[in-house]
Amino acid sequence: MPLLPLHGHAALRRRFDDAIRRDALPGSLLLHGPLGVGKQRLALWLGQRLLCTGPEPRPCGSCQHCRYALAGTHPDLHWYFPRPRLKDGDASPAKIEDDFREAIGERVKTGAYPPPAPEEGIFVSTIRAIVHSAALAPALAERKVYLLGEAERMVLRDGAEEAAGAFLKLLEEPPARATIVLTSSEPGALIPTIRSRVVAIRVPPMGAADVEAVLAEPAMREAVAAAGAPGSITEQVRLAAGAPGALLGGAEWGEALARARRMLDAASSRDHREQMRTALLQGSNRARGAFSTALDALTTLLHERARSAAERGSGRAASGAARALACVEVAKEQATGNVNPQLITSELLRQLESHLA
Ligand SMILES: [Zn+2]
């Protein structure tokens, strides 16, 4: 089974295609956007586009490069993402590559895969393997593409200085004919030295028709049902709020959306006691993971709101939603630091109140 077919993100695909034609695609990119919006799938499409040698329009989908890319087996399309820590903390690049070959094989079995477990990360031995591999010539194609999904899960500390330095250098000056694409739903959690070295591109939530097309893919339908999302496709489209992959997170995403809706309601109600109660519900520092997901869900809902306001021709509501989105981004950044979720929320709700009035 190959990767899940790509739906949506047409504007970004055109933009990438245009940049490639002008030979103006930056060597290091960061695709950021809500959880489950298809950032890694889009990055894999970009990789396929870069490697394809078939007829226009590219990617052709049928040349050797396209076929390998779609099967997850192209030797020059390197895909990394959070994995369980290997027993051998100092695993060799060859062992890491074996581990990923197997993991990618799992992912492309159906093409629909859930978000990684909280304890999974991109550990230093993986970073070493990437740096090692990037120094080698392409195996089959004219160029190489590196994709690091959920790059904020990179764990670079405690004796990892050398690997971190080499990786930063790689981002800053990718080898000729290499493209490095990071994806993240929490770009605020990326270390600043990484963020400053990549060109950031926002991947927006998908339109309802594209979400429906993704959810109608048989593999996706099965995986979403297994994750416990509600049965009807209309309900699923609403719950996904532009990010169909989020439904694979199961109950966690549903909960995050419920929390985000309550935050929006509390902000719009102008009821300060309700706002306080909502803030207190966000828990203390220990609840950080769930809080970050709730902020992701809030981003998704506000994008929806901005889009529908723009469609109605309500410029004022659309720009209010855009300002609210900027506040949520700041809150996300604070959430990755040492600020208490309750404090962040109470401040955020006051800001949202004024922007969403
Ligand atoms: Zn092709």
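Output the residue which, of all residues in the range 23-40 that are over 9 Å from the mean Cα position of the chain (by Cα) and in contact (Cβ under 8 Å) with a residue 60 or more places away in the chain, is surrounded by the most Cβ atoms within 10 Å (Cβ to Cβ). It comes out as L30.
Taking first residues from the range 218-235 that are free of Cβ contacts under 8 Å to residues at least 12 places away in the same chain and partners that are aliphatic (A, V, I, L, M), the Cβ contacts under 9 Å between residues at least 6 apart in sequence or on separate chains come to R221/A112; R221/L215; R221/I233; A226/L248; P230/L239; G231/A225; E235/A229. Any idea which residue in the range 87-113 is farthest from L136 (Cα to Cα), counting only those that are under 24 Å from the mean Cα position of the chain (by Cα) and either among the aliphatic types (A, V, I, L, M) or not assigned by TED's automatic domain parsing to the domain that holds V124 (or both)? Among residues in the range 87-113 that are under 24 Å from the mean Cα position of the chain (by Cα) and either among the aliphatic types (A, V, I, L, M) or not assigned by TED's automatic domain parsing to the domain that holds V124 (or both), the one farthest from L136 (Cα to Cα) is A112.
Restricting attention to the range 1-14, does a residue exist that is more than 16 Å from the ligand (Cβ to nearest atom), touching a residue at least 12 places away in the same chain (Cβ under 8 Å) and part of a helix (DSSP H, G or I)?
Looking through the range 1-14, at least one residue is more than 16 Å from the ligand (Cβ to nearest atom), touching a residue at least 12 places away in the same chain (Cβ under 8 Å) and part of a helix (DSSP H, G or I).
Is at least one residue of the range 73-93 exposed (fewer than 14 other Cβ atoms within 10 Å of the Cβ) and part of a helix (DSSP H, G or I)? Scanning the range 73-93 turns up no residue that is exposed (fewer than 14 other Cβ atoms within 10 Å of the Cβ) and part of a helix (DSSP H, G or I). Within the range 94-129, the set of residues being assigned to a helix (DSSP H, G or I) and among the hydrophobic types (A, V, I, L, M, F, W, C) comprises A94, I96, F100, A103, I104, V108, V124, I127, A129.
Given the structure, is L51 touching a His at 6+ places or on another chain (Cβ under 9 Å), modelled with pLDDT of 95 or more and over 24 Å from P116 (Cα atoms)? Answer is yes for this residue. Go through the residues of the range 45-53 one by one and say whether even a single one is without any contact (Cβ under 8 Å) to a residue 24 or more places away in the chain, within 15 Å of the ligand (Cβ to nearest atom) and buried (at least 20 other Cβ atoms within 10 Å of the Cβ). Yes; the residues of the range 45-53 include at least one that is without any contact (Cβ under 8 Å) to a residue 24 or more places away in the chain, within 15 Å of the ligand (Cβ to nearest atom) and buried (at least 20 other Cβ atoms within 10 Å of the Cβ).
The values are calculated or read from the model by the stated rules, or taken from the named source; none is laboratory data. As the structure is a prediction and not an experimental result, all values here were calculated from the model. As a convention, Cβ positions derive from the backbone with ideal geometry for all residues, glycine included, and neighbour counts pool all protein chains shown.
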